[in-house]
Amino acid sequence: MTCAPDATLLARLARLLGPKGFTVDPQALAPWLTDWRGRATGAAAALLSPASTEEVAAIVRLAAAHRVALVPQGGNSSMVAGATPPPDGVALLLSLRRMNAIRSVSADDNVAVAEAGVVLADLHAAAAGIGRRFPLSLAAKGSATIGGLVSTNAGGTQVLRFGTMRSLVLGIEAVLPSGDVFDGLSALRKDNRGYDLRQLLVGAEGTLGIVTAASLRLYPAVGARAVAWVGLATPSDALTLLRRLEATTGEAVESFEILPAEGLALVLRHIPGTRAPLAGDHLWHVLIEATAPAGAADPALALTDALGAAAGDGLIEDAVIAANETQAEALWRLRESMSEAERIDGMAAKHDVSVTVSQMPRFLEEGKAAVEARFPGTRVLAFGHLGDGNVHFNVRAPAGADDRAWFAAEGKAVSSFVHDDVTARGGSLSAEHGIGQFKLADFARTAAPARLAALRAIKGALDPLGIMNPGKLVPPVAPGEASQ
Ligand code: MLT
Ligand code: ZN
């Protein structure tokens, strides 16, 4: 059980952090109390903005001594309200945004060491500065921070080739709930000293400690890229196309993102300056990016050949390959604006689900039909990372309905229905966004007891006072449920 911070603790924190690092000003706090989707608003007694790992450690020691909860936050772009404080107002909001130094970039090691508050786009630029790339990217790259990306095991649009954050984090520095600093930054390629604390912290959503910096794997810079937009009839054709492209272009394909016609229509309606990439209508669309390092053959040649053959076989209906970077960016903008277009369009029940890749085409069709039959009038819009077996399976209110009222009345039932379907297929209700607050109840309901018991045991061992990001990821033991 945590406590509200008293005046003594707040005074100590104010002294420790100075005016740049401590505020109780409601106006300064306000933007950080509501999640990006505007669905959860919390309260916090103060906003703490430490400038160093030592300051974070001092904060955690004080919070532990006073049993006060801390809610770590980076760019506040969580999709599941993972960085939004609880509404009781007794937690302290701990922003890592001032810790935004890139401590080093090494071309020899292929490693960058970035503090938690570094914005993803800035890391991209730093890597480019030494002829390297950090290959994780997503729509929120201008605001998402390294600490949040690590803590949510972020995915994005290049997972197909480079994996999620888990495979890109070589080392971590974190302040543990005791206030001890875990210095695991040395980016050793081989290190078998038992349990992997680094991987435990990746995806922990700040419930096991505060990530303050990470050593991140870099790759050679892209020499050339080819970006294509394809119109086709079914998700099954899309998967066949992906497997063919892999067979003919090797590892060149690094993004393969699927959108239904309604998704593209929403982007064209709401995002200024966008235009349809193909002349005709198609039920499904795929954005493909293939890359090659400097000196290798232009990936556009292989992609053109492969798409030409696919069109000849009737596998795809139409395709265009960007002729230059401006066109490539315009195609990416269509894909990366999907979430923003949905947000503008209105409240939807959003899901971030995965099944095995081979099951995905069937799930897209059967899952949509099942939801629309059970909740008449609703409109499923599923898009995303087909090659990872992960889509954002969003359910919109019936046309003409008051979306907020519909969401309040039906949102939970719709989500439970979708999560049950995915669980029955052996899938996950959280592919890349995490559990946060929004999925906690369904996670508790659908997770195997062994998973929940292990999760709670780890949480209890590392954070016995429960001060780290309470109310996220780890479901509380329900009344009547045997505690383990
Ligand atoms: C995406 O793939 O665009 C993101 O994960 C965002 C979303 O789910 O809306
Ligand atoms: Zn995504």
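Please report, to two decimal places, log10 I(q)/I(0) for the chain at q = 0.13 Å⁻¹ as given by the Debye formula with identical point scatterers on the Cα atoms and no solvent. Result of the Debye calculation: -1.29.
Hey, what number do you get for the chain at 222 nm if only DSSP H runs of n ≥ 4 count, each worth -39500 (n - 2.57), divided across all residues, to the nearest 500?
Working: 16 runs with 175 residues, N = 484.
That calculation yields -11000 deg cm²/dmol at 222 nm.
To the nearest ten degrees, helix 449-462 and the longest principal axis of the Cα atoms of the chain are 40 degrees apart. Counting neighbouring Cβ atoms within 10 Å and putting the fewest first, the residues ARG269, ARG132, ARG379 line up as ARG269, ARG379, ARG132.
In the range 37-172 the Cα-Cα distances spread across 5 Å bins starting at 0 as 2, 10, 18, 21, 19, 13, 9, 5, 2, 0 percent of all pairs.
Taking Cα atoms, how many degrees apart are the long axis of helix 360-374 and the longest axis of the chain, rounded to 10 and kept between 0 and 90? For 360-374 against the chain, the angle is about 80 degrees.
Report, in debye and to the nearest 20, how large the dipole of the chain comes out about its Cα centre when Lys and Arg carry +1 and Asp and Glu carry -1 on their Cβ.
With Lys and Arg at +1 and Asp and Glu at -1, about 1120 debye.
Geometric descriptor of the range 212-320, per residue, is 151 Å³ (volume of the convex hull of the Cα atoms). The three principal axes of the Cα atoms in the range 1-84 give end-to-end lengths of 34, 30, 23 Å, sorted in falling order. With 0.36 nm allotted per residue and the present C-alpha distance subtracted, the SER143-ARG456 stretch has 109.6 nm of extension available.
For the chain, the longest principal axis of the Cα atoms and the long axis of helix 403-424 meet at an angle of about 80 degrees.
For the range 366-386, no residue has its backbone nitrogen under 17 Å from a point 7 Å from the Cα of ARG166, taken along Cα to Cβ.
With 19 Å as the limit, the listed pairs LYS368/LYS412; LYS20/LYS472; LYS190/LYS459; LYS141/LYS459 have LYS20/LYS472; LYS190/LYS459; LYS141/LYS459 beyond it between alpha carbons. If the segment from ALA311 to ALA405 were pulled out straight at 0.36 nm per residue, it would be longer than the present Cα-Cα gap by 29.3 nm. With both labels modelled 7 Å from their Cα along Cα-to-Cβ, the ALA373 to SER52 distance reads 6.4 nm.
For the range 160-248, the list of chymotrypsin sites (Phe, Trp or Tyr not before Pro) that fall in a loop by DSSP and count at most 15 other C-beta atoms within 10 angstrom reads TYR195.
Out of every Cα-Cα pair that the range 288-374 contains, those further apart than 17 angstrom amount to 70 percent.
Here the relative contact order of the chain, from alpha carbon pairs under 8 Å that lie six or more residues apart, stands at 15 percent.
Each label was represented as a point 7 Å from its Cα along the Cα-to-Cβ direction; for THR41 and GLN359 these points are 3.9 nm apart.
Compute the label zone of ALA28 within the range 63-98: residues whose backbone N is under 14 Å from the point 7 Å along Cα-to-Cβ. Backbone N within reach: 93-98.
Read-outs throughout are calculated quantities, based only on the coordinates presented, and are distinct from any laboratory measurement. Predicted model, so just to flag it, every value in this text is computed and none were measured. Glycine also receives a Cβ, built like all others from the backbone with ideal geometry; neighbour counts cover every protein chain displayed.
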